[in-house]
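Notes to accompany the following structure.
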Amino acid sequence: MAKTLITNGTVVTATGRSAADVLVDGEKIAAVLEPGSTLLGFDIAANVDTVIDAAGKYVIPGGIDAHTHFELPFGGTEASDTFESGTRAAAWGGTTTVIDFAVQTTGQPLEDGLATWHERAAGNCAIDYGFHQIVGGVDDASLKAMGRLVDEGITSYKMFMAYPGVFYSDDAQIVKAMQKAGETGLLTMMHAENGPAIDVLAEQLVAQGKTDPYYHGLARAWQLEEEATHRSIMLANLTGAPLYVVHVSAKQAVEQLAWARDKGQNVFGETCPQYLYLSLEEQLGASSAQWGAFEGAKWVCSTPLRAREEGHQDAMWQALRTNDLQMVSTDHCPFCMKGQKDLGIGDFRKIPNGIGSLEHRMDLMYQGVVSGEISLERWVELTSTTPARMFGLYGRKGVIQPGADADIVVYDPKGHTSISVETHHMNMDHSAWEGFEIDGHVDTVLSRGKIVIDGNQYLGVKGDGKYLKRGLSQYLI
Ligand SMILES: [Zn+2]
Ligand SMILES: [Zn+2]
């Protein structure tokens with residue numbers, strides 16, 4: 001078994017930072033040692049196969065992106081990253097685990113949806129992966145199937161209060177599913193937007209000739225996120241189901257989460273880099289020589305980017321500091337402009353919803369450390385340790401300690417990363433983050449002990465990534 005020593009670095013975990021050497025034996029972390037330790041009775045550096053000098057660098061647990069959509073069917077097309085291209089891009093960005101969403105479409109048996117996702121992922125991933133299950137149709141058969149998900153290593157499922165006719169579940173279906181989840185310990189992940197009301201507003205805007213991407217943001221008003229967030233909290237309260245609200249973007253939705261958490265309810269929330277950095281005015285309202293006002297389509301996602309003048313972005317950073325939001329995932333769901341997003345020229349409702357951010361999450365959140373929004377430890381907690389605990393991977397993932405999988409990132413705070421479509425590795429014809437400059441750089445990435453990124457070289461291999469059977473959330477009391 002190959003041994004690797006990561007030496008001279010600063011190990012950063014969710015609870016603190018310290019100078020320490022990390023000894024990797026095969027796929028696992030064998031020891032975290034005082035630098036130069038002779039505790040093992042021999043000169044460690046002289047007895048390993050590889051020494052990684054991390055002087056001046058941070059040594060952190062590999063990123064866990066708990067919200068990705070590879071090959072997701074949406075609006076007559078499919079998200080443009082495959083499990084192969086997506087997990088490769090993740091590795092480049094210091095993410096060593098993804099949790100993707102297996103999809104059950106309405107009318108399809110739940111198990112068939114899950115089997116399809118296993119087929120798509122198996123043998124194609126460069127890093128480890130797990131699944132949440134999208135429940136697209138609640139009936140007796142799928143409720144029964146939900147009861148078996150925990151045995152499959154799937155301990156969380158997602159429902160949608162938006163997208164009528166596609167993924168939508170009404171309140172009756174949500175209550176039934178939450179009752180089932182309450183019995184089994186499954187975590188309910190909710191897309192909390194009032195879809196039927198959004199569809200009315202969107203139809204009225206289009207009828208008025210307001211068809212540009214900007215109006216996607218207006219149709220998906222913050223009131224409809226706040227309302228759905230509150231409704232999902234109350235249905236969870238009623239049924240005793242633990243609730244995790246995905247991609248929170250409105251400050252009023254955060255207030256609802258904080259209110260429920262302050263009462264002691266098992267309620268959690270994630271936001272995404274786009275809701276911290278990007279806005280309705282600057283991105284959805286953008287125009288370019290190539291696309292005119294359709295430029296904004298690059299940033300059409302749901303929940304939508306919100307008005308900076310209303311202060312949502314600042315409120316998201318604040319909520320990450322105060323733990324009203326606990327995690328940052330990407331909701332990575334990339335579509336190209338040509339042949340995909342352009343389906344919605346003349347009608348924003350037909351623009352496939354999604355942004356590609358998987359490769360940049362660790363960098364974008366590190367920039368929050370540089371700018372003083374979050375601490376170094378909170379960076380690790382938001383991007384790795386909490387996702388591991390939230391989704392039943394902790395101990396193997398999300399931590400640097402003996403016995404954990406050797407998923408490790410050496411991050412260089414003196415490095416620099418310029419984000420561009422010219423240099424990214426996601427399968428997209430544009431970057432939602434074009435021109436963003438990061439005061440740091442992913443230097444080395446290990447996935448279960450194997451170096452997959454070495455400086456600017458990719459050494460990963462598709463098929464090395466394994467399916468992760470997940471346990472129950474560690475946050476439930
Ligand atoms: Zn969603
Ligand atoms: Zn999503």
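On a 0 to 90° scale, report how tilted helix 171-184 is relative to the longest principal axis of the chain, with both axes built from alpha carbons and the result rounded to the nearest 10.
With both axes taken from Cα atoms, the answer is about 30 degrees.
Can you give the angle from 0 to 90° between the axis of helix 195-207 and the longest principal axis of the chain, with both taken from C-alpha atoms, to the nearest 10?
60
I need the peptides 379-388, 410-419, 188-197, 262-271 ranked by packing, meaning the mean over residues of other C-beta atoms within 10 angstrom, with the highest value on top.
Put in order of decreasing packing, that is 379-388, 188-197, 262-271, 410-419.
Per-residue counts of other Cβ atoms within 10 Å, averaged by peptide: what ranking do you get for 19-26, 161-168, highest first?
Averaged packing, sorted descending, gives the order 19-26, 161-168.
Considering all projection directions equally, how large on average is the shadow of the alpha-carbon convex hull of the chain, in square nanometres?
Here the figure is 20.9 nm², rounded to one decimal.
Taking the Cβ of Ile374 as the center, what net charge do the other residues with Cβ under 12 Å away carry, scoring Lys and Arg +1 and Asp and Glu -1?
Taking every other residue near Ile374 into account, the sum is -1.
Using +1 at the Cβ of each Lys and Arg and -1 at the Cβ of each Asp and Glu in the chain, identify which of Ser418, Ile6, Gly107 lies farthest towards the dipole's positive end.
Toward the positive end, the furthest listed residue is Gly107.
Taking the Cα centre of the range 157-219 as origin, work out the dipole magnitude from +1 charges on Lys and Arg Cβ and -1 charges on Asp and Glu Cβ, in debye rounded to 20.
160
Any idea what the dipole of the chain comes to, in debye rounded to 20, about its Cα centre with Lys/Arg Cβ at +1 and Asp/Glu Cβ at -1?
Here the size comes out at about 760 debye.
Which shape class applies to the range 214-333: rounded if a/c is under 1.5, otherwise prolate when a/b exceeds b/c and oblate if not, where a ≥ b ≥ c are the square roots of the Cα gyration tensor eigenvalues?
Cα axes put the range 214-333 in the prolate bin.
What order do you get for 49-58, 317-326, 31-40 when each peptide is scored by the mean count of other beta carbon atoms within 10 Å, highest first?
Ranking the peptides 49-58, 317-326, 31-40 by packing returns 317-326, 49-58, 31-40.
Tell me which residues come under 5 Å, amide H to amide H, from Ile453 once H is placed; ignore anything under 5 positions away on its chain.
Under 5 Å from the amide H of Ile453: Val445, Leu459.
Relative contact order, percent, of the chain when contacts are C-alpha pairs under 8 Å separated by at least 6 residues?
21
Listed here are the pairs Lys57/Lys397; Lys341/Lys414; Lys397/Lys462; Lys3/Lys462; which of them are more than 26 Å apart at the Cα?
In this structure, Lys341/Lys414 exceed 26 Å between Cα atoms.
Once amide H atoms are built 1.01 Å from N in the peptide plane, which residues 5 or more positions from Ile99, or in another chain, come under 5 Å H to H?
Answer set, sorted by chain and number: Asp65, Ala66, His67, Thr68, Gly130.
What translational diffusion coefficient, in µm²/s and rounded to a whole number, does the Stokes-Einstein relation yield for the range 1-100 at 20 °C and a viscosity of 1.002 mPa s, taking the hydrodynamic radius as the Kirkwood radius over Cα pairs?
136
With a ≥ b ≥ c taken as the square roots of the eigenvalues of the C-alpha gyration tensor of the range 411-462, please select rounded if a/c is under 1.5 and otherwise prolate if a/b is larger than b/c or oblate if it is not?
Taking the square roots of the gyration eigenvalues as a ≥ b ≥ c, the range 411-462 is oblate.
Calculate the dipole size of the range 289-420 relative to its Cα centre from +1 charges on Lys and Arg beta carbons and -1 charges on Asp and Glu beta carbons; express the result in debye to the nearest 20.
280
Considering only protein heavy atoms and a 1.4 Å probe, what is the carbon-and-sulfur percentage of the accessible area of the chain?
For the chain, the apolar C and S fraction of the accessible surface comes to 50 percent.
How much mean residue ellipticity at 222 nm does the chain get from its helices, if each DSSP H run of length 4 or more adds -39500 (n - 2.57) and you divide by all residues, to the nearest 500 deg cm²/dmol?
-8000 deg cm²/dmol
Let me know the shape class of the range 351-477, please: from the alpha-carbon gyration tensor, a ≥ b ≥ c as square roots of the eigenvalues, rounded when a/c is under 1.5, otherwise prolate if a/b is greater than b/c, or oblate.
Since a/c stays below 1.5, the shape of the range 351-477 is classed as rounded.
Give me the angle, in degrees from 0 to 90, between the Cα long axis of helix 110-121 and the longest principal axis of the Cα atoms of the chain, rounded to the nearest 10.
Helix 110-121 and the main axis of the chain meet at about 50 degrees.
If you restrict to DSSP beta bridges whose two residues both lie in the chain, what percentage is antiparallel, to the nearest 5?
In the chain, DSSP labels about 50 percent of beta bridges as antiparallel.
Could you provide, to the nearest whole Å², the per residue accessible area of the chain with probe 1.4 Å?
That works out to 35 Å² for each residue.
The values are calculated or read from the model by the stated rules, or taken from the named source; none is laboratory data. Note that the structure is predicted; figures quoted are calculated from it, not measured. As a convention, Cβ positions derive from the backbone with ideal geometry for all residues, glycine included, and neighbour counts pool all protein chains shown. Accessible surface areas use protein heavy atoms only, side chains included; no ligands, DNA or RNA. Shrake-Rupley method; radii C 1.70, N 1.55, O 1.52, S 1.80 Å.
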